[in-house]
1. Taking into account only those residues within region 224-238 that are open to solvent by 60 Å² or more (accessible area, probe 1.4 Å) and at pLDDT below 95, which is farthest from Val276 (Cα to Cα)?
2. Inspect region 182-190 for any residue being over 23 Å from Val243 (Cβ atoms) and outside any loop (DSSP other than H, G, I, E, B) and give the result as yes or no.
3. List every residue pair whose Cβ atoms sit under 8 Å apart, with the two residues 6 or more apart in sequence or on different chains, where the first one lies in region 480-495 and is touching a residue at least 24 places away in the same chain (Cβ under 8 Å) and over 26 Å from Leu466 (Cβ atoms) and the second, anywhere, is in a strand (DSSP E or B) and open to solvent by 10 Å² or more (accessible area, probe 1.4 Å).
4. Filter region 89-98 down to the residues that are touching a residue at least 40 places away in the same chain (Cβ under 8 Å), of a type outside the set (A, V, I, L, M, F, W, C) and open to solvent by 10 Å² or more (accessible area, probe 1.4 Å) and list them by number.
5. Thr396 versus (1) open to solvent by 10 Å² or more (accessible area, probe 1.4 Å); (2) touching a Pro at 6+ places or on another chain (Cβ under 7 Å): which is the lone unmet condition?
6. If Lys256 passes every condition in (1) over 18 Å from Phe168 (Cβ atoms); (2) in contact with a Phe, Trp or Tyr (Cβ under 6 Å, 6 or more places away or on another chain); (3) buried (at least 23 other Cβ atoms within 10 Å of the Cβ) but one, which one does it miss?
7. Out of all the residues in region 36-66, which are open to solvent by 30 Å² or more (accessible area, probe 1.4 Å), modelled with pLDDT under 95 and either of a type in the set (D, E, K, R) or within 17 Å of Thr299 (Cβ to Cβ) (or both)?
Amino acid sequence: MNTMKHCIPTSWLLVAVLLTVAGSGMAQTPDAAAKPAEELISNPMLWADVPDPDVIRVGDTFYMVSTTMHLMPGAPVMKSKDLKNWETVGYIFDRLTDSPKYDLQEGTVYGRGQWATSLKYHKGRFYALLAPNEAGHMGDTYIFTAEKAEGPWRQLSRMRHFHDCSLFFDDDNRVYVVYGTGEMMELKPDLTDVIEGSHQQLFQREADETGLLEGSRMIKHNGRYYLLMISHVYAPGRHRREVCYRATDIHGPYEKRVILESDFGGMGYVGQGTIVDTEYGDWYGIIFQDRGGVGRVLTLSPVRWLDGWPMIGDEQGHVPMTMRPLVSGEPKKGIVCSDDFSNTKLGLHWQWNHNPADKAWSLSERPGYLRLKTSRVVETLYLAPNTLTQRMEGPTCSAQVSIDLSHMKDGDCAGFAAFNSETGALTVKKTGKRLTLEMSEQDVQLADRTKAVESHEEKIIESIALKQTRIWLRIDADFRPNGRGGRDAANFFYSLDGEQWTHIGTTDYRMRFDWRRFFMGTKFALFCYATKKAGGYIDIDEFKYNRQ
C-alpha cells in the first residue's frame, strides 16, 4: 500500500497566547521567538482518534503507533519531524486471520483486535509488540520487526497474552515485557518466548488506586527506570491521571509519583501515553484525552525533569493550549486525506472495517475510481464486508464523495456514513429498478463477551426518489466544545450536480463514543452491500476532505 499524494494540509485551531515557559522542555531553536502564529502547535496535537500512543525517536524523526482494533490493516505507524505534522507511513500487519470473526463471518471483533502496541528501536531495527484484546489463542501477543518503520514488517514470535504491554530493551541487552498492573517477565534473547520462571510483580498498587492502573510504557533515563501508567481513581474530587513508578534497578524497589493530573479544554482529564526526548535533550509528553464522538485525541505537553521525575505539563502542571514547534518549515501533512483514486494502490490513510474481501474491490477495473463490489448477502451495514473508513477530525471537518450507481442490483445498499455503533448514514437503496436515497439513524447491539451482533435498528429519517445514477454525498462534522463536552454533531447533504447541496435528515445528528461496543471515534465510511443477491457494485470517483 502506498501513501497517496493528495493529502490535504491539516490546519490548526489557533489561540492568541504563545506559551513561553523557560526550561519547560520545549525545544529551543534560534528563530523560536520569531515564529509566526500560524506555526504554533495547538492542542489537541492530533484532534482525531489516536488512542494508546507509543512514540519513539530515531535520529531526527519521531515514530508513533496507535490502537485501531477491528480496522485493517492494523497498528498504523505515523511519523513526524516536528511533532505537529504527522503522516501514516505504514502498518505493522495487513490482517488478522485467527478467526472468521475478523472477516465479519460467524461474529465480529468490534472493539477487539490490536490494542496498545509498543514500539521500540534497538540496534538498527524496529520492534513492535501487541496483543489483541481477546481470550484464548486470539489474544496471543505478537512481536514484529522491520528494518524501516515503513515496513515491510515480519512476525518474529507469538506468545501468551500480555495486557497493555511495553517492550523494553535494557542496556545489557536483556529484554523484558512489562504489562498489566506492574507485572514483568523477561524474554529470551531471540525474543521467541518468555523465560519461564521470570515473572515478577514490580510493586503493589496503593490503597488509593481504586480503578484501572494500566497502559504501561517503560523507558530508561540517566540510569533510572521509569514506568508510566494511567490511573483511574474513583473517589470524589479525584480524576484520571498519569502516574510514574521509578527505580534504580529494573526489579525494584519502585517509588511512585503523579506526573500529570490535568483537565483540558473543558473536556475532562487526560491520561495514558508516553514521553519522548529530542535531539536537543528536551522532552515532551504525548498523552490522550477522551473527546466524545471524535474519539480519543492526543495532547502535547512539555516535560520538566524535577528531582528526577518527568513532570508533564506547564509550570502549573496543566496541558498547555499551544506549543512552539520543534522545527520550522516542515511541509504540511495529515493523517486524514483527500483521494481521487488515481493511484494503483490504496492510500495508507484508509482502513477497512475488519478484513477486506480482496476480490470485491478494485482501483484498476475503472482507472481513477474506487470500485466497491457486493460479495455476500448480509442484513445490515454492521456485517457488510469492505466498508472503507477514515478518521474524522476536530474542530470541524467535512468530506464529500461522488458515486456512480449504475451497476447496483436489486436489494443493494450503498453510500456514505458517520460510522460507529450508532451511525448516521446516507444510503442509496435499489428496489427493483428504483433508486432511493435515505438518511437513517442506525444502531447495533453487541454481545459484551463475543461481540456477536445481537440486534440492529435502522430508523429512516428522510428519503427521496432518485432519477439519476450519479450522486454526490457530503457529511459535515463539528466537534467543538460547547461547555458540556463536544458538539459531536453531524449533518448530511446530497447534490445532483456536485455544486448545489441540500440538507437531508437529522439536523445535528449526535455522534457518540461507546467503549462497550466499538470503542472508537466516529469514522467517515464508504460502503456497498447486498441484501438479496451479490454481484452489484458502485464506482467512487473522488473523496474530498477539508478540515477547519
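1. Residues of region 224-238 that are open to solvent by 60 Å² or more (accessible area, probe 1.4 Å), as a first pass: 224, 234, 236-238.
Imposing the further condition that a residue be at pLDDT below 95 reduces the set to 234, 236-238.
Numbers: Tyr234: 29, Pro236: 32, Gly237: 30, Arg238: 27 Å.
My answer is Pro236.
2. Let us first name the residues in region 182-190 that are over 23 Å from Val243 (Cβ atoms), namely 186-190.
Retained after the next criterion (residues that are outside any loop (DSSP other than H, G, I, E, B)): 186-187.
Yes.
3. Taking only residues 6 or more apart or on different chains, the pairs are Arg480/Thr396; Asp488/Asp478; Asp488/Arg510.
4. Taking region 89-98 and keeping what is touching a residue at least 40 places away in the same chain (Cβ under 8 Å), we get 89-93, 95-98.
Going one step further and asking which of them are of a type outside the set (A, V, I, L, M, F, W, C), we end up with 90-91, 95, 97-98.
Result: Tyr91, Arg95, Thr97, Asp98.
5. Against the list (1) open to solvent by 10 Å² or more (accessible area, probe 1.4 Å); (2) touching a Pro at 6+ places or on another chain (Cβ under 7 Å), Thr396 comes up short only on (2).
6. (3)
7. Narrowing region 36-66 to residues open to solvent by 30 Å² or more (accessible area, probe 1.4 Å): 36-39, 57-60.
Next, only the ones that are modelled with pLDDT under 95 stay: 36-39.
Hits for region 36-66 are Glu38, Glu39.
Each row is one residue, and each column tells you yes or no for (1) in contact with a Cys (Cβ under 7 Å, 6 or more places away or on another chain); (2) open to solvent by less than 30 Å² (accessible area, probe 1.4 Å); (3) small (Gly, Ala, Ser).
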site	(1), (2), (3)
Leu298	no, yes, no
Gly313	no, yes, yes
Gln316	no, no, no
Leu326	no, yes, no
Asp340	no, no, no
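The values are calculated or read from the model by the stated rules, or taken from the named source; none is laboratory data. Owing to the predicted nature of the structure, the values given are computational and were not obtained by experimental measurement. When we count neighbours, we look across all protein chains shown, and the Cβ atoms used for this are built from the backbone with ideal geometry, even at glycine. Surface areas here come from the heavy atoms of the whole protein model, side chains and all, with no ligands, DNA or RNA. Shrake-Rupley method; radii C 1.70, N 1.55, O 1.52, S 1.80 Å.
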